[in-house]
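Read through the structure below, which is laid out as structure tokens, and then see the notes.
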Amino acid sequence: MEQINWNKVREYLNNQIANLPKAPMQVKKFSEGYSNLTFLLKIGEWEAVLRRPPFGEIPPKAHDMEREYRILAKINPVFPLAPQPYVYCDDSSVMEKHFYVMEKKKGIVIDDVLPINYEKTEETGKSISNAVVSTLVQLHSVDIEKEDLIVLGKPEGYLERQVHGWIKRYNASKIHELSGIKEIEKWLLDHIPTSPKSTIVHNDFKLNNMMLDGNDPSKAVAVFDWELSTVGDPLTDLGSAVSYWADELDKYTGLTSITTNPGFITRREFVEQYAMQSGRDVSEINYYLTYAFYKISSILQQIYYRWKKGELDDDRFSNLDQGIQNLMDMAHRAKNNQLL
């Protein structure tokens, strides 16, 4: 936070947003994962959230705040769980990296512990699980043609581009050869399935990118982190959500999850509920799950690569190499139909 001149940010907001209170601006940094930085801004009774890329060098085209801002402007009217965006800024005299400010949603984001507001019962786990599945189905039910959302991406050939792209990204950031990686890559390239009808694709859909009602764990109030969103194959979202849905037998992955607690549905039940609610054919889910584990491994590999180069000073990243190997092992298990 000390690298940001918040007085300049406040001045910029005063010029862009009408009728802001005269009170001093208070800033609180939310706990971030391995990606963008998020801050709560509070001016009197007015509250908003500021999103910006991490400090230091970042990969080309990554952490695109302008794209996320424009995505929210298109999606919020048809999927109100996406926050309303207020203003975007790429003026380096205000901040050294571009940022945007959006609506602050009120609720609870769950990482690896249940909030004190919720009862620690199996029913709570079931309610949270159902909220995640139904929200994903709701997102994928938006008619991208009727709502003129096809402009968000290029749905034709989406899955093939994604698979090739993530293999390229992984190999550009690898430090040493992981066991079995070439076999997974070849299998992914040789078995690309035919995609179902295109929908909005969040591209990082998981429990801790959602916000639930503070008193009702069955009610979703927000979905966050739309930076990578596009239109394409909805089953990539399903595979991603299931890959983040941890099982108590999983080895260390470097990811946080609460889904091993009592009451949470299993990965298989997640897929079955999605299929029942959406009506989509999920017979190729093991391909999408294999790809999802490979993709997460690649994301963590990029972070680990930057840490090894000294670009990131965070001890959390020191064991990521083991998490990456374990994720690749899970990709193998998914490929061999051993996870669901």
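Taking packing as the residue-averaged number of other Cβ atoms within 10 angstrom, the listed peptides 293-306, 87-100, 184-197 run from highest to lowest as 293-306, 87-100, 184-197. Accessible surface computed residue by residue for the chain, with neighbouring protein chains in place and a 1.4 Å probe, gives 48 Å² per residue.
Dipole of the range 1-125, Cα-centred, from +1 at each Lys and Arg C-beta and -1 at each Asp and Glu C-beta, to the nearest 20 debye?
Numbers: 17 positive and 18 negative charges, 84 e Å.
In debye, rounded to 20, the range 1-125 gives about 400.
Only protein heavy atoms count here; under a 1.4 Å probe, W46 has an accessible surface of about 50 Å². Under a Gaussian network description of the chain, with springs only between Cα atoms under 10 Å, the residue in D321, D64, D281 that fluctuates furthest is D281.
Computed with a 1.4 Å probe on the full set of protein chains, the accessible area for M276 sits at about 150 Å². All other residues whose Cβ lies under 11 angstrom from that of V201 are scored, Lys and Arg at +1 and Asp and Glu at -1, for a net of -3.
In debye, nearest 20, what is the charge dipole magnitude of the range 262-340 about its Cα centre with +1 on Lys and Arg Cβ and -1 on Asp and Glu Cβ, if you could check? Kindly include the intermediate steps, with their values, before the conclusion.
Numbers: 10 positive and 10 negative charges, 29 e Å.
That gives a dipole near 140 debye.
In the structure shown, do any of K97/K154; K22/K106; K174/K295 have a Cα-Cα gap over 18 Å, and if so which? In this structure, K97/K154; K22/K106 lie more than 18 Å apart at Cα. Under the convention that each Lys and Arg Cβ holds +1 and each Asp and Glu Cβ holds -1, the size of the dipole of the range 195-291 around its Cα centre is about 80 debye.
Can you list the GluC sites (Glu not before Pro) in the range 237-300 that are in a DSSP coil and have 16 or fewer other beta carbons within 10 angstrom?
Working: sites: E248, E269, E272, E284; in loops: E248, E284.
For GluC sites (Glu not before Pro) across the range 237-300 that sit outside H, G, I, E and B with at most 16 neighbouring Cβ atoms in 10 Å, the list reads E248, E284.
Of R67, R161, R52, R280, the residue with the largest accessible area leads and the full order is R161, R67, R280, R52 (1.4 Å probe).
Computed from the Cβ-Cβ distance with R0 of 56 Å, the FRET efficiency linking D91 to T260 stands at 0.80. Ligands, DNA and RNA excluded, the heavy atoms of S198 present near 30 Å² of accessible surface to a 1.4 Å solvent probe.
The aspartates and glutamates whose alpha-carbon is closer than 18 Å to the alpha-carbon of K186, local same-chain residues fewer than 8 away aside, are E160, E177, E284, D329. The relative contact order of the chain, computed from alpha carbon pairs under 8 Å that lie at least 6 residues apart in sequence, is 17 percent. Looking at this model, which pairs from K120/K197; K251/K308; K104/K309; K8/K206; K197/K335; K74/K206 are more than 29 angstrom apart at the alpha-carbon? In this structure, K120/K197; K104/K309; K8/K206 lie more than 29 Å apart at Cα. Helices in the chain, meaning DSSP H runs of at least 4 residues, each add -39500 (n - 2.57). Divided by all residues, the mean residue ellipticity at 222 nm is -12500 deg cm²/dmol.
The values are calculated or read from the model by the stated rules, or taken from the named source; none is laboratory data. Treat the numbers as computed from the prediction; the structure is a model and nothing was measured. We place every Cβ from the backbone using ideal geometry, glycine too, and count neighbours over all the protein chains shown. Remember, those area values only see protein heavy atoms, side chains included, never the ligands or the DNA or RNA. Shrake-Rupley method; radii C 1.70, N 1.55, O 1.52, S 1.80 Å.
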